[in-house]
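Notes follow the structure.
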Amino acid sequence: HIPVADEMFETVFGLLYLHARGRYDNAVHRHYAALGDFRRCGELLATWRMEAPSLVPWRIDAARSCLAVGMESEARRLLSEQLGLVRTRPSRVRGATYRALAAMTGMPERARLLRQAVDESEASGDQVELAHALADLSRVCHEQGDRQRARALVRRAYHIACRCGAEMLRRDLSVNAAEADAAIDDD
């Protein structure tokens, strides 16, 4: 982490920095550090008496941290709170929240939540979140034995990831697309 002046955390830029740093820590599996930054985002917003669920959706990322360290009930609470704050539709934040909820939900609820995530992400124009939601839904379809649909969804997610420059997701999806093709060929 790059040290920054304490005064920065009195500004929106500090809030954005904390959120970005937390997302990075989640990506490299430092979930407790990430959770600390996300909670700090919430504390700053509370101190400022400001709620910005679309600007800094810290609860979604905090829920992902919680889930990674086995705090499922806290993750659910955060996501429920997030859904209550996002009122407008369509919403990229609502789509991401549904996808996060789906990660801790069993079938068939997971499929329903992922379809909602796809709908919200598509309607809001959030192509990266749409690609993630389609990829997750593809895995669900594969688990349910619907290989044709799984293949179509992973291919669509792959093409969207390519178009929007989501390189890491594109690489992951290229492997999934190849596996889906191999599974279809085996049938």
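So for segment 165-178 (the condition being outside any helix (DSSP H, G or I), on the phi < 0 side of the Ramachandran plot and not hydrophobic (A, V, I, L, M, F, W, C)), does at least one residue qualify?
So far as segment 165-178 goes, no, none of its residues is outside any helix (DSSP H, G or I), on the phi < 0 side of the Ramachandran plot and not hydrophobic (A, V, I, L, M, F, W, C).
Please verify whether segment 71-80 includes one or more residues that are modelled with pLDDT of 95 or more, open to solvent by 40 Å² or more (accessible area, probe 1.4 Å) and part of a loop (DSSP other than H, G, I, E, B).
Yes, there is a match, as at least one residue in segment 71-80 is modelled with pLDDT of 95 or more, open to solvent by 40 Å² or more (accessible area, probe 1.4 Å) and part of a loop (DSSP other than H, G, I, E, B).
What are the pairs, 6+ residues apart or on separate chains, where a residue within segment 42-63 that is within 13 Å of Leu85 (Cβ to Cβ) has its Cβ under 8 Å from a residue that is outside any helix (DSSP H, G or I) and open to solvent by 80 Å² or more (accessible area, probe 1.4 Å)?
Every condition considered, the pairs that remain are Leu45/Glu51.
How many residues are β-branched (Val, Ile, Thr) and open to solvent by less than 20 Å² (accessible area, probe 1.4 Å) when one looks only at segment 50-70? Show your work before the answer.
Start the filter on segment 50-70 by keeping residues that are β-branched (Val, Ile, Thr), which leaves 56, 60, 69.
From what is left, the residues that are open to solvent by less than 20 Å² (accessible area, probe 1.4 Å) are 56, 60.
Total meeting the criteria: 2.
Here is a list of conditions, (1) open to solvent by 30 Å² or more (accessible area, probe 1.4 Å); (2) modelled with pLDDT under 95; (3) of a type outside the set (A, V, I, L, M), and Glu122 meets all of them except one; can you say which number that is?
With respect to (1) open to solvent by 30 Å² or more (accessible area, probe 1.4 Å); (2) modelled with pLDDT under 95; (3) of a type outside the set (A, V, I, L, M), Glu122 is out only on (2).
Residue check: is Phe38 part of a helix (DSSP H, G or I) and either open to solvent by less than 40 Å² (accessible area, probe 1.4 Å) or of a type in the set (Ser, Thr, Tyr) (or both)?
Answer is yes for this residue.
Can you spot a residue in segment 1-18 that is touching a Lys or Arg at 6+ places or on another chain (Cβ under 7 Å) and not in a helix (DSSP H, G or I)?
The answer is yes, given that some residue of segment 1-18 is touching a Lys or Arg at 6+ places or on another chain (Cβ under 7 Å) and not in a helix (DSSP H, G or I).
The values are calculated or read from the model by the stated rules, or taken from the named source; none is laboratory data. Owing to the predicted nature of the structure, the values given are computational and were not obtained by experimental measurement. All Cβ positions, glycine included, derive from the backbone under ideal geometry; neighbour counts span all protein chains shown. Note: accessible area is taken over every heavy atom of the protein model, side chains too, but ligands, DNA and RNA are not part of it. Shrake-Rupley method; radii C 1.70, N 1.55, O 1.52, S 1.80 Å.
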